[in-house]
Structure formats: structure tokens, C-alpha cells
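What follows is a short report on a single structure.
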Amino acid sequence: MAYTVIFQPSGRRGEVKAGTTLLEAAQQLGVGLESACGGAGTCGKCKLRIESGFFPKLGITSTPAHLTPPTEEEKQKLEARELQDDYRLACRARVEGDVLVYVPEKSRVAPQVILETGRERAFRLDPAVRKYYLELSPPTLRDPRDDCERLRDGLRAQYGLGGELKIDYAALLSLPEALRRENWKVTVTVWMDREIIAVEPGRKELAYGVAVDVGTTTLAAYLCDLGRGVTVGRKSAMNPQVRYGEDILSRVGYAASRPSGLEEMQNAVVQAVNGLIREMVAEAGISSEEVLDIVLVGNTVMHHILCGLDPRFVGQAPFAPVVKGPLDLRARDLGIEIAPGAKAHLLPLEAAFVGADNVAVLLAEEPYRQEDEIWLIIDIGTNGEVVLGNRRRLLCTSCATGPALEGAQIRFGMRAAPGAIEKVRIDSHTLEVGYKVIGREEWYPEIGHTGARGICGSGIVDAVAEMFRAGVLLPDGRINRRLATSRIRQGEDGQPEFVLAWAPETALGQDITVTQKDVRAVQLAKAALYVGARFLMQKLGVDKVDRIVLAGAFGTYLDRERALMIGMIPDCEPERIVAVGNAAGDGAQIALFDRSKRTEAVQVAQQVEFVETAAEPDFQKHFLAAMAFPHARDAFPHARRMLGLPVLTGDLAGRAGS
């Protein structure tokens, strides 16, 4: 008897025989687990969490009862809380049914490679929080003003802060002690010139803020010195919500199907954000209470879950979010552990599936300031977000690219971690393969055993593009069985597959292949992205773009020429295609450093016109044409030159894929 085992967040899955330990299953599937004792049950490093319930997208029902009962070693190594939360030791739990397993960060051998850095960008330093030092006179019988009034009068007299300044409750609680500890010398932190959020005894000059990009798969956090306008710390982690579903609709479904689903996911991501903050402030030698402001961005579903807002209706027509405008919430109300009076600012949303992260990208790249050039900005992830235009008009859409471009739904797919094949080259004459894995500078065949564990998103795009360029793939995406090479063979499903890496080269002890099903998954993703961009171009009345900006981790590692070869993006001069790193994280930091950018973000979000491309009457026709490499009808002159094909013009261009 064989059962299905799925490991998250890597997404690796496979069938194992009954009685196999989870550690053995992980080893068979190429999932790296900590096991210092080699599976002897003595180190306690291989802790895993077993998920419960029916997971329709994965097609399994998982329960702790599908494993052998906890052993004495597990009862000794696992805390009572962990046992209650269905944690097991991978080396002791044996499979007796289908299971979905979440691998905590500390149990992973190969951590996810997460892009934290973006580009150097200019901004004005004008943060939302400012510190003001005051030396006040103490109260007397002749001057019995209350502490709060005395503080406000001092701010008004010395710094011109007019109006009735509000004071946060946490700041109010600390006020009498803070005023008297240093003989009425205090530092007051004011938010947006409207509210006192902290009062500290004596002179305090340093002020810090945090910007966080809450991605569907990963989190990237930045600790910023608001006085100097510099980023002093960066940390990243997997989004722990991955265990509830790899894509946003799966998480909407989880929230809808369980009474506590939304609360579980909100708590998971908030605790992950708190963990990143704790790591950054510890390295900077400060406390979390010195963090006085936080800006958070994410797609609409991530935004709603973070705020505890019901995301169900985002996933149902007419896809209306709970709120689109910017939010200024108490950080403590979200459970974020920074200064007690600190605010949490969330940038506005553009549409149901184009969120605050895309607004942050626009703040960073500023296409709305371009006078003549037409810019196409693409942030590729499980959900692709596309913006087209310049200062006169901006259009946006979202594309359901699916998880294939992040390594999911690919037989040997994995996230971007050490051991993942990230670059591929195929000799057009011999069909021999050269490839590079994350964590190794050398290319195979320069080295023997590569330690390859699978293929990440950029690797599968490289592989498919190279297979097409070398003639292994036909324009319609079929593997060419007529080629005389041992690398093309029939797979277990009866469909052809192409061997990228032979078993002796890999860490799996088996061949790593690209299957026909894998190619179809890439075709679906690339077609969705291209059609979204083409519809925006059609709406804007342009037949070409002047500049393509690839944002995010995938865009950074994607080979632009190979993306062109398969028609993933509109045809463009390769040198006019640029990768800009984590632009969403950059935009969040800009909004942290310069409060005027928060107002600008609202204006930009209102300016952008959302286009529901999937609702267009001829969407299916365009989608089917875009499935071909590089396209069934569009000419793609730059791509065809790179492929060594004749550039088609006139009527021939219309029959490019026929």
C-alpha cells in the first residue's frame, strides 16, 4: 500500500510505502530536513507539524491519525504544547495514510532564497513620526495645569505644533512617570503632527521604523533609521500561511471553510512579522519599543488576512474588497509588537487582485512621471500583476499565472533554495545539457555530482526556452519524439519527458526530468501573463512598449532573453528589459521615510484603471494563441532573431504559429 505525502512550504509531494518514516519520505522527495543524529531519534531537530482536514486543491485528506502514534522518544523531545499542536519527529512518525506536513523554518536544511534587496532610490526624508525634546516647568499652586495640557502647551510654544494634539492611551499611561523621572525633561514622539504616541524621559534622538512586504509566499522586512534615512537591517522568511494553501484563493477557501481559519492565518503571519522585527532589532542593539512606525504592503488577500478582514468576498464576483483606501491602525491592535502607541500604515489597494504591494511598486518606479515612454511593469508571482502606461494614463490587471513559476505543479519543482536548478543551457546539436544549481558557482558538466534536488521557477523557464530553441519542443509545446536522443523518453504517465540531470549527478538518486505536463503548466502561466499585457496594450492603443520592468524575486532571477523566446512577455529589445529587485519592499520603505508618499499612493491607486482581461469576449482566442512558442500569430521579431528563425512580416506574421 502506498500513500501520498506532501511537504510544505516546498510543495514537494510523492507516494511512499506504508511504514515509511517522514524522514525517509523527505529524503526520497528531496526535502532537506535537519537530522543531526541521522534519524536515531536523539537530536529532536526534525520537528514537523501535521495538518488536519480535507485539502481540495491538493486532493488529499490529512490527519495525525494517518501516522503511527507518538513514540517515547517523541514524548521526551517534544514539548507538551507541540504534541498538542500535532508536531512529530520525522524520524519516528511512520506513514499509514495520506498526510500534509508543514516543515518549520528551523527544521529545514535548505532555507528559501528570498530577495530582500532592491535598488538605490532617491526620496525626501520626512517621516510620519518625529521626536521633540522639551524642558518644561513643573506644576505649582499658581500653575496647576494637568500634565497633558502642559505637554501640549510646550509643543505649541517651542515647535509651533498647533491644534488639539490627541494623545494615545499608552502614551497617556506613561506620561506622569516620564515627566517626573528626568525633572520635566522629556522627548515626545508625534505622529503626523496630530497625535502624541510616546513620551520618554530625558533626551532621546533615535527613531526607527519598519517596512514589511507581506508576500503570498515570502515576507521581507526592513528596519529603517528615520533620523538618517537609511536602512539598517533586513530579514526575510517564508510566509507561514503557505501551510494553509499555496495561492491566495486557497487561503480564501481556508478562511471560509473553518470558523477559526481567518484567525489562524492572521496570527501566523503576525507572529512571523514579529519574529523578523525581533531579529532585526536584536542585531541593531535596540528594543522593539524603539520602533515607532510600520508600513505594510501586500496583495489584497494578504492585506485582508493581516488586518483580520474577511477575505471571502474578494474571491467571489464582483470581487469587492472590504476596504480599498489606506489604513492607519494601532500596531498593537494587529498584534504587532513594537512601541505601544505606534501606528501601522497600510497603503491603499487598486482592485480585488491588485493590491497595496503593486501600489508600492508604482511608488518605487514612478511610471506616472514618464512623459513619453510607455512602461510595462510586471510583478510575477503566484498571481502576476501588470501595469502599463505613463503619466497620461495607467492601466493594470492581474493574471492567474499559477504556482508553476515558483516551482509548484512541476514534477521536480521546488522553491528557490540551495540545490534547485536555476539556469539551463542545451546544445542544439548534441542536446547535451549544462545547468547551474543554487549554491554552486560552477556549471554542470564542469562538476560531477551537482547536488541538484529539483527545479525552481527561473530554472523551469530556462529549461523550456532552451528545449524550444534546441528543437526538443515544437511550437505548440509538444516534446519532439522524433529526435534521436536518450534524453527524450516515455515517462511513468505514458507521456514524453526530457532528462535534465541524470541520477548520478543529483542529490535524489534519480533522474530530474521536464515532463510534458510541466511544459503545459509553463505554457498556461506564460500565456496568462502575455495575454494580460497584450490586452492592456490594446486598451491603451499601442502595439509596442518602450521599457519592461520586472519586479520581485522571480523577475530578478528570470533570464529576460529566455522569457522572450517563449513569449512570456511582449516582444522588446532585450536591453530595454530591466529587473529592479523587490520594488514592493522599496516602495514600502519610501512611504516610511516620506509621509507625502502616502498621499501620493492614494492618488496613484485612484489613477490606475483596472482591466478585467479574463472577462474580455475574445479572451479565450487570445489565450490559446499565446500558448504557442513564442506565439501563434504575433510576430515577435526580437525573439525570433534570438532563436535563429526568420523574422516574419506582413501576412506571414499573422501565420507565425500555423
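The values are calculated or read from the model by the stated rules, or taken from the named source; none is laboratory data. The structure presented is a predicted model; accordingly, all values stated were derived computationally and were not measured. Here the Cβ positions follow ideal geometry from the backbone for every residue, glycine too, while neighbour counts run over all protein chains shown. For the accessible areas, the whole protein counts, side chains as well, though only heavy atoms, and no ligand, DNA or RNA atoms are used. Shrake-Rupley method; radii C 1.70, N 1.55, O 1.52, S 1.80 Å.
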Report the convex hull volume per residue for region 293-399, counting only C-alpha atoms, in Å³.
107 Å³
Size-normalised alpha-carbon gyration radius of region 509-567, reference 2.2 N^0.38 Å
1.42
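Would you calculate, for the chain, the mean residue ellipticity at 222 nm contributed by helices, counting each DSSP H stretch of 4 or more residues as -39,500 (n - 2.57) and dividing by all residues, to the nearest 500?
Rounded to the nearest 500, it is -8500 deg cm²/dmol.
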Express as a percent, rounded to the nearest 5, the fraction of DSSP beta bridges in the chain (both residues included) that run antiparallel.
70 percent
Which whole number in µm²/s is D for region 311-354 by Stokes-Einstein, with the Kirkwood Rh taken over Cα pairs at 4 °C and 1.567 mPa s?
109 µm²/s
Expressed to one decimal in nm², the mean projection of the alpha carbon convex hull of the chain is 32.6 nm²
Out of 342, 563, 274 - ranked by how far each Cα lies towards the positive end of the dipole of the chain, with unit charges on the beta-carbon of charged residues - the top one is 563
At a 1.4 Å probe, what is the % contribution of carbon and sulfur to the accessible area of region 529-648?
50 percent
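Taking only the alpha-carbon atoms of region 142-291, what semi-axes of the equivalent ellipsoid follow from 5 times the gyration tensor eigenvalues under a square root, in whole Å, largest first?
Equivalent-ellipsoid dimensions as semi-axes: 39, 19, 13 Å.
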Measuring from the longest principal axis of the C-alpha atoms of the chain, the long axis of helix 457-469 (C-alpha) lies at a number of degrees, nearest 10, equal to 30 degrees
For region 490-610, what is the charge dipole size about the Cα centre, in debye to the nearest 20, if Lys and Arg each add +1 at the Cβ and Asp and Glu each add -1 at the Cβ?
600 debye
Per residue accessible area in Å² of the chain, where ligands, DNA and RNA are left out and the probe is 1.4 Å:
40 Å²
Tell me, Kirkwood radius of region 373-502 from alpha-carbon pair distances, in Å?
16.4 Å
Count charges around residue 77 for me, please; just the other residues with Cβ under 11 Å from its Cβ, Lys/Arg as +1, Asp/Glu as -1.
0
Give me the aspartates and glutamates in straight-line cross-link reach of residue 45: C-alpha distance below 20 Å, same-chain residues under 8 apart excluded.
24, 34, 72, 73, 74, 79, 82, 85, 86, 105
Computed from every Cα-Cα pair in region 176-227, P(r) in 5 Å bins starting at 0 and rounded to whole percents is 5, 17, 17, 18, 14, 11, 9, 5, 3, 1, 0
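Where does region 426-539 land on Rg(C-alpha)/(2.2 N^0.38 Å)? Let's see the in-between values first.
Details: Rg = 15.3 Å, N = 114, 2.2 N^0.38 = 13.3 Å.
Relative to the 2.2 N^0.38 Å estimate, region 426-539 comes out at 1.15.
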Student exercise, the chain dipole from Lys, Arg, Asp, Glu Cβ charges, in Debye to nearest 20:
520 debye
In degrees between 0 and 90, to the nearest 10, how far off the longest principal axis of the chain does helix 147-159 point, with axes built from Cα atoms?
80 degrees
Helix 583-593 sits off the longest principal axis of the Cα atoms of the chain, rounded to the nearest 10 on a 0 to 90 degree scale, by 10 degrees
Can you quote the Å³ per residue value for the convex hull of the Cα atoms in region 199-275, rounded to an integer?
110 Å³
